[in-house]
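Read the figures in this text as sums done on the coordinates, not as results from a lab. No experiment lies behind these values; they were computed from the predicted model shown. Because the Cβ atoms are built from the backbone with ideal geometry, glycine has one as well, and the counts that use them run over all protein chains shown.
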Amino acid sequence: MRKQLNAIEFHDVSLAFNGRRVLNRMSFVVRYGEAKIIMGGSGTGKSTLLRLTLGLIKPDSGRIFVDGEEITGYAEEQMMAVRQKIGMVFQEGALFDSLSVYDNVAYRLREQRVPEAEIEQTVHRMLRFVDLDDAIEKMPNELSGGMRRRVGIARALVGSPKIILYDEPTAGLDPITARTICELALKLRDLEDVSSMFVTHRLKDIQVLAEEYVVRDDEGNLVVEHEGGRLCLVNTGVIMLKDGDIIFNGSDEELYAAADPYIVQFLDRPSADPQSAGA
Amino acid sequence: MSLIIRGITQIQEITLLTWRVLRGIFRKPFYLRETIVQMDVLGVGSVVIILLTGVAIGAVLALNSASTLKRFGATGVTGQLVTLSMVREIGPLLACIMLAGRVGSGIAAELGSMLVSEQIDAMRALGTDPVKKLVTPRVLALVIVAPALTVICDGAGVLGGVFVSISLMNQSAGVYLGSVRDALDFNEIVGGVIKPLIFGFIVAIVGCYMGLSTEGGTVGVGRSTTRSVVISSITIILSNFVLTRLILALLLER
């Protein structure tokens, strides 16, 4: 019997599209409750990792485990059950154009034939979580980019999945909206114990996710705090991809200290000092 | 060579999709509401253009045939000629090629855009099989609606013929309609409805397949749309020959 320590595991996973290697014997794990930031340039296979985890595509070789269950050989019908445990936030939100915000968020429950009263309650709760209850009757084309992604997050949260996959949720957004999205991810990690893979190429996202955390203060309000100079207990790791290989897997501090020229170039910060980075 | 391989691969994939659609009809969950919505969007939405084309073609048929028949003093069978042409060939072909243009293209464009904007992936991620949710209702809707639209097209054609015969050829409506009645028997009508059943299926499955196999962003959506119209129209016209042969042998020439 496998001991379930990790929410997601990749063992020697390889994948090629039209003869071009996208992933090269890739292995890593995402622990329960951990947020794993996946970084790398465009076309390095970041989004492919998420699609493999969801079983939307199959690897050429290697094994993938989700919540202790090997999904590599699963047929589409078997994957449906696994996908109930996973929420996916797509790059541009991928909202259903023909459905209102309400119906988009309600989609999963409608498919499960949940009573309408219960659906309504859940949809309102989810939209309140992403602070969008006033947009409930709008159609996706009436929303801004940031709102679409927040609705995407609300939709992914329905059914309280324990694993959430974010596909560049902050790309192309203004810094304030991007921060809002990161804070939502923090809330899910720190309050709901959600494990996640967070694909991004924004350095600011690493700073927020790896150096900040959410707690409830004495009045029960949610407060975002910065780790500052204290011992880092934030449950976040960083993976850096390059040409289908993992060239870095560790903490944010280790990333800033890495000597690899590609990482140094990527961070655009030749002599990074983690203490001063996010202060 | 690669073109041949691509063609064979596409036929294989369309066959697989057909199999998944047929299997989906009998397995839960059932999407009855989607099917009815599609019947409305694809079918009811097409009634006006089908009526218009039917009337126009029926009128032209009467116009052409009546002048020829007049030389043999046989203008009395104009109604029969128009009706048989409409019910056997022109009605099913015209209605379903119009459907390929109006509806097949729409299906390919809609599913193609959903694919490139990751909505199909989102659907799968949310635990829904897109074939059952999107393809099966469209196929069912068109298989039901295409024969109905063909009957409407046939009727419109006959009416178009009546209009021309009375107003331009100075025939009596009684003579025309009498010859229409002579032309129609049960097998004729059944034969005329079998064809659009198959054609409707072709339009839906080709449109869905082309949409779901879209590659290359919005340009790809345009390409899929064009391909769906071209391939379904050609398939309809080619299969029409085989179907006509079968229907003649099994129903009409016994």
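The table that follows gives values for the structure above.
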| read-out | value |
| --- | --- |
| Relative contact order computed over region B:32-252 (Cα-Cα under 8 Å; 6+ residues apart), in percent | 36 |
| Mean-position separation - Cα centroids, region B:85-161 and region B:213-254, in angstrom | 12 |
| Amide H within-cut-off set for A:S61, under 5 Å, with H built and near neighbours excluded | A:S14 |
| With 20 Å bins from 0: P(r) over the protein assembly as shown, alpha-carbon pairs, percent | 19, 42, 24, 12, 3, 0 |
| Top positive-direction residue, dipole computed over region B:32-252 with Cβ charges, set B:S224, B:L159, B:L115 | B:L159 |
| Chain A - mean residue ellipticity at 222 nm from DSSP helices (-39,500 (n - 2.57) per run, n ≥ 4, rounded to 500) | -10000 deg cm²/dmol |
| Orientation-averaged projected area, Cα convex hull of region B:32-252 (nm²) | 13.3 |
| Cβ-based exposure ranking for B:C96, A:C182, in which fewest neighbours within 10 Å come first | A:C182, B:C96 |
| Estimated [θ] at 222 nm from DSSP helical runs (n ≥ 4, -39500 (n - 2.57)) normalised by residues in chain B, nearest 500 | -25500 deg cm²/dmol |
| Whole-Hz ³J(HN,Hα) from phi, Karplus 6.51 cos²θ - 1.76 cosθ + 1.60, for region B:84-95, glycine and proline x | 4, 4, 5, 5, 7, 10, 5, x, x, 5, 5, 4 |
| Per-residue HN-Hα couplings for region B:8-24 [Karplus 6.51, -1.76, 1.60; θ = phi - 60°; Hz; x = Gly/Pro] | 5, 4, 5, 4, 4, 5, 5, 4, 4, 4, 4, 4, 5, 5, 4, 5, x |
| Alpha-carbon Rg with Dmax, taken over chain A, Å | 18.8, 58 |
| Sequence-separation-based contact order of chain A, relative, with Cα cut under 8 Å and 6+ spacing, percent | 22 |
